[in-house]
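Please read the structure below before turning to the comments.
The values are calculated or read from the model by the stated rules, or taken from the named source; none is laboratory data. Not measured: the values here are computed from a predicted model. We place every Cβ from the backbone using ideal geometry, glycine too, and count neighbours over all the protein chains shown.
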Amino acid sequence: MVSASVEELTKSFSSIGFEEPKIKEILKNQKVSSILDHLVKLAPPSSSTTWTKQERSLLHNLAGLINKGSPNKSLNEQYSKLIVEYIVNGNLKTNLQVESAYKYTTATTGAAIDVKDFEKQTGVGIVITEDQVRDRVAKYIQENLETIQTERYKSVPGLFAIIKNLPELKWAEPKYFKPIIDQELLKVLGPKDERDVIKKEKKKSSKATGTKTASTATTTAKERSMFTEGFLGDLHRVGENPQAYPELMKEHLKVTGGKVRTRFPPEPNGYLHIGHSKAIMVNFGFAKHWDGVCYLRFDDTNPEAEAPEYFESIKRMVDWLGFKPWKVTYSSDYFDRLYELAEVLIENDKGYICHCTAEEIKRGRGIREDGTPGGERRACVHRARPIKENLLEFRKMRDGHYKPGAAILRMKQNLESPSPQMWDLIAYRVLNAPHPRTGDKWKIYPTYDFTHCLVDSFENITHSLCTTEFYLSRESYEWLCDQVHVYRPAQREYGRLNITGTILSKRKIAKLVNGGYVRGWNDPRLFTLEAIRRRGIPPGAILSFINTLGVTTNDSNIQLVRFESAIRKYLEDTTPRLMFVLDPIEVVIDNLTEDYSESCVIPYRPGSKEFGDRTVVFGKKIYIERSDFSEKVGDKEFFRLTPDQPVGLIRVPHTISVKSVQKDPATGKIIRIIAHYNNDVKIKPKTFIQWVPEKYALKVSETRVYDQLFKSENPAAHPEGYLNDINPESEIVYKNSVIEPNFKHVVENSPWVVDDAKKSEFYVAEKKGCKEICRFQAMRVGYFTLDIESTDEKVILNRIVSLKDSVSK
Ligand SMILES: [Zn+2]
């Protein structure tokens, strides 16, 4: 082969679409370059074919194979041409195929190629679909479930090798394997959790510089998105939801422009809790992910339970989680239209006014006197009323002729249906309550069952996403839309997010609040969203956590410790560190003068340059943590300060040693340590501890260290009631804590945003000036932030989470 110039080679490679960086890389190997150039020339002219990235890469690999092959087996022109053609035609799709083709042809010394045999040996024409790969992978996982469940995600590399080599999958495209294995494993193992974290070597002591590796796993790892896989990934596309009247779809698509439209429809009768964060993320997030829109719709059809503070709180929480409603609407906005459709329902003979008592209605639905279901279902006498009479009666209801309970509008559904949602649901009832938005206008109010689907329809919702307890409602939802001839949105149901080890019920939390067990609805130990925010948990951490759980039709029951562990991981990557002494002992260094000062430069987060450094001034008097000193002499397990063991102070050049200890004669409590600064000798300490200079220390009035509010995993199951399960140490308040002066800088510069976190789809920008965003990590003690009650004069800190899992203590 005549060797071509770099210029000619560049031209040749770019003719099939290689880009400059790649060409440079190829050119590093002269021989391969020359062979590749030759192969390019064997291919049909580039004008008649478009090279895909895959094809280019296969050709490059073929050049590599030829280069590695023994010289006397060098490929003849005819064979090379054949392989190149098969690559360009898309018949050889994988490296394995190209390799087989190369092997086959080199073995066929000089003879004519038996094309059929060639194709057979190289798997040409064998199409293994993604579904076939998935089935085979699922089957393999099922067959080896026990081992896989034990090894969990550690089994991935081995699994990958085995699956790849299964004979049925020999010719499958390798790109399928990894995602399918991941998805199938997720189904059987659930998302990764602590069990899948490879434990770092247990450190005997905390080093001066802390963890050296800047772990940014939570934020930089290629994120999977809950919007493209699992339940949300399987949802229909806009326009694909079936209609009883297809002409309505045209109108719907015209209005939406083919974009996703969702809604988050809370009832404004309480504070949102952690479970709602999933509903918010599913609805707002799904729309946002697909460039659609999401309504915040207050489902205010029950005026008796609603209060203004709930409306405000719900708006605040949606905003806090980083979502912007396209429009804020109210079910009550549609009362007129709903009323009109109720009349339409009656006119279509699908609604009737019933005067039965609640008891009679139950009986008609087959609920026996002892409360058990399954009895005979029968229509009441009112069901057969003529349309005219129903209309008349309905208007009488509207006009205030009936007291609450004396008349209701019921849907005329199907009592034969096995679904209770089809047993003539109530559509309208009389309520003598003024409505916060419509005042005295209405005496009758529509029910959830009547309102929800119709308002979804009015708002042209494409995906009405709700939790699985509404599964049976889907039938009545669609039934009603069809009966009144309106666009039928698609209701789809996903599993709820539950946190165990706490309580979320409004009624139960109210008891805790009213009984003075907690500091209100936003007490940091509760799991209302207001509480979670106050505690300092970043909204981005919640979204990332929900994303890792994924969305399926199964409920996610998450232990509190697991939730906290996810928060901890998030904070580890995103918060600066400060020296903070929870329970201080004063240390006076006898060989330093009062005005001695030594500036120590300490990184805010060792290993992460973008966090920057700060200076802390070391001097004669400092505070150290009470637990960093032990009076016990000769304890091999204790690496910190003892009467016979010096200790290092973080980033201070020399160690200190104890000279004497002063105690409060009344209590025996240590009040002061007299120490010596070993600036005359070099001593290598076993470890380094935190310190805060007394001269510059910021006093913390209250440090509230929180732990779980309840002792058990299921407080509601406590035989004497959940109030008896309260953990007496769920809040411990320290009144003497001190913190290094740079806390001011942290507060001024919060929220502390790391570039990596910003890249995440689940990053939420937080507003400056809020108390809860002033987060920092205090070595050994945990993550902290300012409480909302904190002031400049009276600093109050909340512990967000401890540094380690409480279970692994
Ligand atoms: Zn009746």
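Observations on the structure shown:
- Selection count where residues are at pLDDT 80 or above and either within 21 Å of VAL98 (Cα to Cα) or surrounded by fewer than 17 Cβ atoms within 10 Å (Cβ to Cβ) (or both), scope the range 142-151: 4
- Residues of the range 383-413 that turn out to be farther than 17 Å from ALA342 by Cα and within 11 Å of the ligand (Cβ to nearest atom), as a count: 1
- Here is the figure for the range 345-361: residues that are within 7 Å of the ligand (Cβ to nearest atom) and closer than 12 Å to ASN390 by Cα total 2.
- Selection status of SER473, touching a strand residue (DSSP E or B) at 6+ places or on another chain (Cβ under 9 Å), free of Cβ contacts under 8 Å to residues at least 60 places away in the same chain and in the same structural domain as ALA307 (by TED's automatic domain parsing): yes
- Residues being outside any strand (DSSP E or B) and of a type in the set (Val, Ile, Thr) - total across the range 638-677: 4
- Considering the range 724-809, the qualifying strands (runs of 3 or more DSSP E), each wholly inside and each with 1 or more residues that are of a type in the set (D, E, K, R), run over 731-734, 796-801.
- For SER419, the criteria (1) loosely packed, with under 13 Cβ neighbours inside 10 Å; (2) among the polar types (S, T, N, Q); (3) more than 12 Å from the ligand (Cβ to nearest atom) hold in every case but one, which is (1).
- Filtered by the rule that a residue be surrounded by 18 or more Cβ atoms within 10 Å (Cβ to Cβ), assigned to a helix (DSSP H, G or I) and β-branched (Val, Ile, Thr), the range 107-141 gives THR122, VAL133, VAL137, ILE141.
- Candidates VAL430, VAL484 - the one that is of a type outside the set (Gly, Ala, Ser) and closer than 26 Å to VAL293 by Cβ: VAL484
- Only one of the numbered conditions (1) in a loop (DSSP other than H, G, I, E, B); (2) closer than 24 Å to TRP521 by Cα; (3) modelled with pLDDT of 95 or more is violated by GLU720, and that is (3).
- Yes/no for LEU571 being in contact with a strand residue (DSSP E or B) (Cβ under 9 Å, 6 or more places away or on another chain) and in a loop (DSSP other than H, G, I, E, B): no
- Which numbered condition SER760 misses (of (1) over 27 Å from GLN559 (Cβ atoms); (2) in contact with a helix residue (DSSP H, G or I) (Cβ under 8 Å, 6 or more places away or on another chain)): (1)
- In the range 456-477, of all residues being in contact with a Pro (Cβ under 9 Å, 6 or more places away or on another chain) and not hydroxyl-bearing (Ser, Thr, Tyr), the one that is surrounded by the fewest Cβ atoms within 10 Å (Cβ to Cβ) corresponds to LEU472.
- The residue that is farthest from THR593 (Cα to Cα), counting only those in the range 636-692 that are without any contact (Cβ under 8 Å) to a residue 12 or more places away in the chain and under 41 Å from the mean Cα position of the chain (by Cα), is GLU637.
- Meeting the requirement of 2 or more residues that are more than 20 Å from VAL486 (Cβ to Cβ), the helices (runs of 4 or more DSSP H) wholly within the range 233-319 are 274-280, 286-289.
- Criterion violated by GLY364 - all others in (1) away from the ligand (no atom under 16 Å from the Cβ); (2) under 21 Å from PRO420 (Cα atoms); (3) buried (at least 17 other Cβ atoms within 10 Å of the Cβ) satisfied: (1)
- Criterion applied to ARG437, ARG429 was being in contact (Cβ under 8 Å) with a residue 60 or more places away in the chain and more than 13 Å from the ligand (Cβ to nearest atom), and the one residue passing it is ARG437.
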